[in-house]
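**Q** Sharing a structure below in structure tokens format, with a few things to ask.
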Amino acid sequence: MAAPSEERPRRRFGQRLLTDPARLFQHNAWDNVEWSEEQEASARSKVQENSSQLLPQDKQEEYEVNAKRYWDDFYKIHENGFFKDRHWLFTEFPELAPNRSSSQNGDPLHEFNNKEESSSEGLGRCENGHCSLESRTECQLSVPQSPAGLGTQEGPAQEHRGLSHRAAGYPGSAASYRVLEVGCGAGNTVFPILQTNNDPGLFVYCCDFSTTAVDLVQNNAEYDSSRCFAFVHDLCNDQSPFPMPEESLDIVILIFVLSAILPEKMQGVVTRLSRLLKPGGMILLRDYGRYDLAQLRFKKGQCLSENFYVRGDGTRVYFFTQDELDHLFTTAGLEKIQNVVDRRLQVNRGKQMTMYRVWIQCKYRRAATPLP
């Protein structure tokens, strides 16, 4: 049995290794890379430099008001061709697989590691700050997914398509295990879950801030309305309805989603999502960590506020610490099951490029109802 990632020994990459191309490019990826003090200081310096010039307040408000349009434009351009399906999900989050027994006990037994990723070639691409480190193999890790909950408008026809069911008879009401993915994008998480987990009691909800993204999910040949319900939703609007009642979900998935929300609105979003969980239900999160490659690549003039940036296409991204995420979830009344950071070295052997990624993975659980 693998040790929890908090206890795993970290690999050091000294100057000799990094300056030896013949040795460095024998492999493609290393997980749990421990940064030197020099590397940490260099990253901190780059962030201080790229955040020294903040965008004017009127520009920041413009990005907030038009957030939905920017994500719609992203999916109109890329459709479902930018991200790979996330088949690594079932290694990192066994709660989503057919056999859920180990995860339901709350044990973080699975390492924060993706063996498919480590053994594959290629680093994917970076466009407008969307760094997708997936290879051309179908099992490769994909990075940002379309975030939900950023702006002020929604497509009314999509939003209320079936959302009027607030009690018995709501979509998925007969299911015994209900999962909601927030920020579903083109379905790169939803469809692997539906393909892999054939539990007849499973029902998957998925929502996105982008109407275009939800259309892509609903028009996918794999979309099965008897097992899945896709809808447009603005997380930041507490008047925007969910199709399910409170305390009805077993799992809420947030993969590279929370980072796209205005920082001052994050607590309200997490608290609202936590109310959807059954006692014992969990929120599963994977998102950007502080000093990730994507943060270091930003230039002056792209910083909105501390550790919060706007990409070239108008979408936004925040870079977290473990403590920040812990505060958000515990303030919402959830208990920590897992909160780990992974510093990973990715290598593109063809281009002889090294890329340091920093991700945080969390699992937080709503406490079970106390026995009488």
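The values are calculated or read from the model by the stated rules, or taken from the named source; none is laboratory data. The structure presented is a predicted model; accordingly, all values stated were derived computationally and were not measured. All Cβ positions, even for glycine, are placed from backbone atoms using ideal geometry, and neighbour counts span all protein chains on display. Calculation scope for accessible area: heavy atoms of the full protein, side chains included, ligands and nucleic acids excluded. Shrake-Rupley method; radii C 1.70, N 1.55, O 1.52, S 1.80 Å.
**Q** Applying the selection to the stretch 309-359, what residues are touching a Pro at 6+ places or on another chain (Cβ under 8 Å) and surrounded by 15 or more Cβ atoms within 10 Å (Cβ to Cβ)?
**A** THR315, VAL317, TYR318, ILE337, GLN338, VAL340
**Q** Moving to a separate point now. Condition first: open to solvent by 20 Å² or more (accessible area, probe 1.4 Å), under 24 Å from LYS363 (Cβ atoms) and not in a strand (DSSP E or B). Can you find one or more residues in the stretch 230-241 that meet it?
**A** Yes, the stretch 230-241 contains at least one residue that is open to solvent by 20 Å² or more (accessible area, probe 1.4 Å), under 24 Å from LYS363 (Cβ atoms) and not in a strand (DSSP E or B).
**Q** Quick one: in the stretch 175-193, of everything that is farther than 17 Å from LEU254 by Cα and not in a strand (DSSP E or B), which residue is most open to solvent (accessible area, probe 1.4 Å)?
**A** SER176
**Q** Among the candidates LEU258, LEU262, LEU276, single out the residue that is open to solvent by less than 10 Å² (accessible area, probe 1.4 Å), more than 22 Å from ASN188 (Cα to Cα) and touching an Asp or Glu at 6+ places or on another chain (Cβ under 7 Å).
**A** None of the other options fit; the residue is LEU276.
**Q** Counting residues that are modelled with pLDDT under 70 and either touching a helix residue (DSSP H, G or I) at 6+ places or on another chain (Cβ under 9 Å) or not aromatic (Phe, Trp, Tyr) (or both), which helices (runs of 4 or more DSSP H) fully inside the stretch 25-102 reach at least 3?
**A** The qualifying helices (runs of 4 or more DSSP H) are 67-78.
**Q** What strands (runs of 3 or more DSSP E) lie completely within the stretch 288-364 and have 1 or more residues being in contact with a helix residue (DSSP H, G or I) (Cβ under 8 Å, 6 or more places away or on another chain) and on the phi > 0 side of the Ramachandran plot?
**A** Filter on the stretch 288-364 gives an empty set.
Residues checked against (1) charged (D, E, K, R); (2) more than 20 Å from LYS265 (Cβ to Cβ):
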| position | (1), (2) |
| --- | --- |
| THR189 | no, yes |
| GLN195 | no, yes |
| PRO200 | no, yes |
| ASP208 | yes, no |
| ASN219 | no, yes |
| GLU222 | yes, yes |
| VAL232 | no, no |
| SER240 | no, no |
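**Q** Looking at the stretch 215-231, I want the residues that are closer than 16 Å to GLY172 by Cβ and without any contact (Cβ under 8 Å) to a residue 12 or more places away in the chain and have a partner that is open to solvent by 60 Å² or more (accessible area, probe 1.4 Å) and among the polar types (S, T, N, Q) with Cβ atoms under 8 Å, at least 6 apart or on another chain. Which pairs are those?
**A** From residues that are closer than 16 Å to GLY172 by Cβ and without any contact (Cβ under 8 Å) to a residue 12 or more places away in the chain, there are no pairs.
**Q** Go through the stretch 213-238 residue by residue and tally those that are at pLDDT 90 or above, within 20 Å of the chain's Cα centre (by Cα) and among the small types (Gly, Ala, Ser).
**A** Final tally of qualifying residues: 1.
**Q** Let me ask something additional. With respect to ASP250, is the statement that it is acidic (Asp, Glu), open to solvent by less than 30 Å² (accessible area, probe 1.4 Å) and within 23 Å of THR189 (Cβ to Cβ) true?
**A** yes
**Q** Of the numbered conditions (1) in contact with a Pro (Cβ under 6 Å, 6 or more places away or on another chain); (2) under 16 Å from ALA260 (Cβ atoms), VAL232 satisfies every one except a single condition; which is it?
**A** That leaves (1) as the condition not met.
**Q** Anything in the stretch 194-224 that is touching a Pro at 6+ places or on another chain (Cβ under 8 Å) and either hydrophobic (A, V, I, L, M, F, W, C) or in a loop (DSSP other than H, G, I, E, B) (or both)? List them, or say none.
**A** Residues satisfying the conditions are ASN197, ASN198, ASP199, PHE203, PHE209.
**Q** To continue, here is another question. Among the residues of the stretch 326-349 satisfying the criterion of being among the charged types (D, E, K, R) and modelled with pLDDT under 95, which is nearest to GLY280 (Cα to Cα)?
**A** Applying the filter and picking the extreme gives ASP342.
**Q** If a residue has to be open to solvent by 30 Å² or more (accessible area, probe 1.4 Å) and hydroxyl-bearing (Ser, Thr, Tyr) to count, how many in the stretch 194-210 make the cut?
**A** 1
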